[in-house]
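Novice: I have a structure here, written as structure tokens, and I will follow up with some questions on it.
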């Protein structure tokens, strides 16, 4: 019997137990300084005199306010491409909350991934709260996000793996384990791994496994997750999806999915161009959560940094599978340019 592993990693740094809380004196003072600087327009010298602090101390408090998310700086330029693209995405999909990441001219795929991973890491760093449970679907994009996280200790945060990672070639994927543990360590939280096959050979085997108490524990954590974080997989991605390159799918599987009109997946659950999945037979063998569960979840975040995934992203949006989209401007434009 396969047992899910639960591990509480040590935080990467030992911040004071009250850092980031309303009772921490440094945080209280940082908020006071930030209000004077950003809302009242006082200079650092004026703030130092008013509060009886040194100017270097004021500068450090402003840095603390920005680093911990007490202050967020957003530039609203009506002529900027990212804001225009966000408006177009909202017009096409009104329920969507997009964040389009700007890129330098001539950006490579590596730069695109780096910029989007940083934006997603910042979103998580400022959006996560104590005692949240976060469902994570592993993959290249989420691995990049994990590397970009800034450590921030939060009480009782839990990260649960949404789909299995075992294959015939790699029964205990170090790639997936490292990603989950990296997220947990960044926030001083707990990682709940899900060491079941990514795809079962027989749907009946999956149904039997799902009755095991140890597996039901992980499934229950998935069901009560406050937030789901994932990317979208696509065979057309510039950086091939890990599930397509690590031996999880055979040639017969790929041919069958092509015949069934599959264009992408979320957490190894596959869908067609309309974002629907009925008739996609491999999903009966997949360990991922149902697409109906993802569709109905109030807080889902999709992270995309690849114009090769445009068709899959558009399908996910059409199917109502994404609430918040963090995407680079090149990919956003490619999604919008696809014909209906």
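Novice: At a 10 angstrom cut-off on C-beta neighbours, averaged per residue, how do the peptides 330-338, 318-326, 216-224 rank from highest to lowest?
Specialist: 318-326, 330-338, 216-224
Novice: Modelling each spin label as a point 7 Å along the Cα-to-Cβ direction, I'd like the residue 284/residue 32 distance in nm, to one decimal.
Specialist: 6.6
Novice: Let me ask something else about it. Tell me the label-point distance for the pair residue 226, residue 24, using the 7 Å Cα-to-Cβ offset, in nm and rounded to one decimal.
Specialist: The modelled label-to-label distance comes out at 1.7 nm.
Novice: Also, I was wondering about something else. How high is the FRET efficiency from residue 181 to residue 46, r the C-beta distance, R0 35 Å, rounded to 0.05?
Specialist: With a Förster radius of 35 Å, E is 0.15.
Novice: Can you match Kirkwood radius over Cα pairs in Å to one of these, [x] 23.1; [y] 20.4; [z] 21.4, based on a calculation from the structure here?
Specialist: It is the value labelled [z].
Novice: Sequence gap at least 6, Cα distance under 8 Å: using those rules, report the relative contact order of segment 81-187 to the nearest whole percent.
Specialist: Reported relative contact order: 23 percent.
Novice: Summing -39500 (n - 2.57) over the DSSP H runs of n ≥ 4 in the chain and dividing by its residue number, what mean residue ellipticity at 222 nm do you reach, to the nearest 500 deg cm²/dmol?
Specialist: -12000 deg cm²/dmol
Novice: Under 16 Å from a point placed 7 Å out from the Cα of residue 87 along the Cα-to-Cβ direction: which residues of segment 312-340 have their backbone N that close?
Specialist: It comes to 333, nothing else.
Novice: Run the simple label-point estimate for residue 255 and residue 66 please: 7 Å along Cα→C-beta, distance reported in nm.
Specialist: In this crude label model, residue 255 to residue 66 measures out at 5.7 nm.
Novice: Could you sort 135-141, 147-153 so that the peptide with the highest average Cβ count within 10 Å comes first and the rest follow in order?
Specialist: Listed from highest to lowest mean packing, they are 135-141, 147-153.
Read-outs throughout are calculated quantities, based only on the coordinates presented, and are distinct from any laboratory measurement. Source: prediction; values computed, not measured. In this analysis, Cβ positions are derived from the backbone assuming ideal geometry, glycine residues included, and neighbour counts consider all displayed protein chains.
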